[in-house]
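The values are calculated or read from the model by the stated rules, or taken from the named source; none is laboratory data. It should be emphasised that the depicted structure is a prediction, and the values quoted were computed from it without experimental measurement. Here Cβ is always computed from backbone atoms with ideal geometry, including for glycine, and neighbour counts include all displayed protein chains.
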Amino acid sequence: MTDSRDGAWTGPEAELDARQRMLALEHQLELVDRVTSLEAQLAQLTAGASLTPSEQLSAEQQLLALRESLPWRVGRIVTLPVRVVGRVFRRGTRK
Amino acid sequence: MTYAPILELWVDCAGMLPEEVESALARLGQQCDAADVTFVAVDGAAEPSELNELLARSTADWLVWIDASASLAPGALTLIQAALGRFDVDVFYGHSSHPDGVIVRRPSASPIRLRSQDYLGPVRGFRTTAIREAGGFAPDASGSYPFELALRLSQVGARTLRIPEVLSIQGEPSPGSVAVDRGVVSRYLDGIGIENSIEPGDGSVRVRYPVVGEPLVSLVIPTRGSSAVIHGRPSVLVVDAVRGIVERSTYRAFELVIVADDATPQDVIDELILVAGDRLRLVRWSEAFNFSAKMNRGTLFARGEYLVLLNDDVELISPDWIETMLGLAQQRDVGLVGTLLYFEDGTVQHGGHLYSASWAGHIALGWEASCDDRIGSMRVDREVSGVTAACAMIRTDTFWEVGGFSLDFAGNYNDVDLSLKVAATGRRNIWTPHARLIHFESKTRVPSVLPAELETLRARWGTRLLSDPYWPE
């Protein structure tokens, strides 16, 4: 077993060359971006809960506009028979 | 049962005759559609002590300041009470309309913009406890009390609600914003320790933020050394861009980090060395095309405290472009700062990013230079969802904090992703019309968007792309 010395050791130190350092830094950027993007994707799952009041009102207004739009109303009419059959079927299977 | 707060409507009757005051109160009273509402005529040009006395006597939950020339939109007070009953906020405002029915839509809370423009509209309200806690109405704000109050409350982080409905009808087809008192802005900024000089504008003001210190700015420019015909003569884009920057920029503490493809002609490199001199840092790019990777490579060699992400096909219009961006970038909580870009024919190429209906585009794209919206958005510094990386400034440490450009976006949406990453840190992205450049990108260019890029963007930021808080449509 060797004793530890007071001063730092001396000797030929290994060094990363400029290209290796550059690639390491680029890799660091890439990793941070990866984490940031995963956090962003995760935040999508709870986006509804983190809306500011202004955003919440805007979202509600958009939803209302969507429900009042012609394509939505036409879609509701077109899908009416399917929805009625679905409801009857669900009621039947519950009994 | 929903809680309906008590509203006291302060009708600003400054300069009106007694009979006009009576008629305004009667008119607004007839438009009242809610309970627990009282109307009080106030003189917006009165001494603050007078208003503070009224405030002390008020038992209302909210003071709603309304210009006497405006009318309440049908159902406005019910809407306001319902919204205030739901959310714990301190300030509110909403859209307005002109008598001809044109709607003036207002942006979400934008503290930097508020320093230049009173965008709140003719109906804006303040929680009485918030006004009292802020010290009431301030001296030297005669004629601009609600604006001054909104400024002060924005500084202390007041929770602000924009009601996305038309709350009022403006008395005449006046500008969408109320003329700003330069003195009020200057005193406010002095009060919070921000050096400034204020220049008058058309209803708004320009706030100049002097640069603190002389930080080094690294301009990172990717290039292939392409040529094009510009202003009717052949031009090597990157050389002419760099020449213009070196010769005309008034801010001198900058370096140029040029990331050049292997295929860049040698005479272009030689010319760059000649034109840029000691400021130049040349970085080789030998790999396959990926704009994001190329820009990230450039930033590794940047020594500046701030980065300017810049395309090689630009020409300066404003010699003070760097200090204009830098002054804004040094403000608290500011992330990216973008600029006003024009096409070669003088029409607007970039007035900030607009994220709406799961898509990302440019505000004011193709507008004539003299065009503006109803509220005067093209003449003020303002919060935006994002900015183009054709010309944008960011602190170097912020760029590193968010992981730079994402390699998932080799050609498109890299700036959208960067903007949203910066916004996700709580910083605000700002666009300024006072740093102007020409961007020689073809107006008719159809970007070759890869479906995978759009898919990735939507997977990451889907809800942020649905409707733009700063550019309501």
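Points worth noting:
- Hits in the range B:73-89 - residues which are more than 11 Å from chain A (Cβ to nearest Cβ) and surrounded by fewer than 21 Cβ atoms within 10 Å (Cβ to Cβ): B:73, B:74, B:75, B:78, B:85
- A residue that is assigned by TED's automatic domain parsing to the domain that holds residue B:398 and under 21 Å from residue B:419 (Cα atoms) occurs nowhere in the range B:265-281.
- Residue among B:97, B:108 that is of a type in the set (Gly, Ala, Ser), within 11 Å of chain A (Cβ to nearest Cβ), in contact (Cβ under 8 Å) with a residue 12 or more places away in the chain and surrounded by fewer than 24 Cβ atoms within 10 Å (Cβ to Cβ): B:108
- The single condition among (1) among the acidic types (Asp, Glu); (2) more than 14 Å from chain A (Cβ to nearest Cβ); (3) within 16 Å of the chain's Cα centre (by Cα) that residue B:383 does not satisfy is (2).
- When the range A:45-65 is filtered for residues that are more than 7 Å from chain B (Cβ to nearest Cβ), assigned to a helix (DSSP H, G or I) and of a type in the set (A, V, I, L, M, F, W, C), the ones remaining, listed by number, are A:45, A:49, A:59, A:63, A:64, A:65.
- The one condition in (1) within 28 Å of residue B:104 (Cβ to Cβ); (2) away from every other protein chain (no Cβ under 14 Å) that residue B:416 fails to fulfil: (2)
- Counting only helices (runs of 4 or more DSSP H) wholly contained in the range B:237-309, no element carries 3 or more residues that are of a type in the set (S, T, N, Q) and surrounded by fewer than 21 Cβ atoms within 10 Å (Cβ to Cβ).
- Test: residue in the range B:147-155 that is under 25 Å from residue B:472 (Cα atoms), surrounded by 24 or more Cβ atoms within 10 Å (Cβ to Cβ) and in contact (Cβ under 8 Å) with a residue 60 or more places away in the chain: no
- The residue of the range B:419-466 that is farthest from the other protein chains (Cβ to nearest Cβ), among those that are at pLDDT below 90 and within 30 Å of residue B:206 (Cα to Cα), is B:443.
- Only one of B:395, B:379, B:458, B:464 that is closer than 18 Å to residue B:108 by Cα and either surrounded by fewer than 24 Cβ atoms within 10 Å (Cβ to Cβ) or not charged (D, E, K, R) (or both): B:379
- Taking each residue of the range B:44-56 that is within 13 Å of residue B:135 (Cβ to Cβ) and looking for partners that are part of a helix (DSSP H, G or I) and among the polar types (S, T, N, Q) with beta-carbon atoms closer than 9 Å, six or more apart or interchain, yields B:55/B:128.
- Scanning the range B:150-174 for residues that are within 14 Å of another protein chain (Cβ to nearest Cβ) and under 19 Å from residue B:67 (Cα atoms) gives B:162, B:163, B:165, B:166, B:167.
- Taking (1) assigned to a loop (DSSP other than H, G, I, E, B); (2) touching an Asp or Glu at 6+ places or on another chain (Cβ under 9 Å); (3) surrounded by fewer than 24 Cβ atoms within 10 Å (Cβ to Cβ); (4) of a type in the set (A, V, I, L, M, F, W, C) in turn, residue B:449 satisfies each apart from (2).
- Close Cβ contacts (under 7 Å, 6 or more residues apart or on different chains) running from residues in the range A:53-68 that are in contact (Cβ under 8 Å) with a residue 40 or more places away in the chain to residues that are among the aliphatic types (A, V, I, L, M) are absent.
- Out of B:204, B:186, B:168, B:235, sole residue that is over 22 Å from the mean Cα position of the chain (by Cα) and assigned by TED's automatic domain parsing to the domain that holds residue B:20: B:168
- Residue within the range B:346-356 that is surrounded by fewer than 19 Cβ atoms within 10 Å (Cβ to Cβ), of a type in the set (Val, Ile, Thr) and within 14 Å of chain A (Cβ to nearest Cβ) present: no
- The number of residues in the range B:259-299 being under 20 Å from residue B:410 (Cβ atoms) and more than 29 Å from the chain's Cα centre (by Cα) comes to 15.
Yes/no matrix, rows are residues, columns are (1) in a helix (DSSP H, G or I); (2) farther than 23 Å from residue B:49 by Cβ; (3) modelled with pLDDT under 95:
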residue	(1), (2), (3)
B:121	no, yes, yes
B:143	no, no, yes
B:147	yes, no, no
B:151	yes, no, no
B:157	no, yes, yes
B:172	no, yes, yes
B:175	no, yes, yes
B:180	no, yes, yes
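- Cβ-Cβ under 7 Å pairs, at least 6 apart or on other chains, the range B:393-407 side within 7 Å of another protein chain (Cβ to nearest Cβ), far side hydroxyl-bearing (Ser, Thr, Tyr) and in a loop (DSSP other than H, G, I, E, B): B:402/B:425
- Where a residue in the range B:435-447 is within 18 Å of residue B:411 (Cα to Cα) and its partner, wherever it lies, is among the hydroxyl-bearing types (Ser, Thr, Tyr) and modelled with pLDDT of 95 or more, with Cβ under 8 Å and at least six apart: B:439/B:342; B:443/B:347
- First in the range B:6-17 and over 14 Å from residue B:126 (Cβ atoms), second anywhere and assigned to a loop (DSSP other than H, G, I, E, B) and at pLDDT 90 or above, Cβ under 6 Å, 6 or more apart: B:11/B:68; B:13/B:68; B:14/B:43; B:14/B:44; B:14/B:45
- Residue within the range B:141-149 that is within 27 Å of residue B:200 (Cα to Cα), among the acidic types (Asp, Glu), over 23 Å from the mean Cα position of the chain (by Cα) and more than 14 Å from chain A (Cβ to nearest Cβ) present: no
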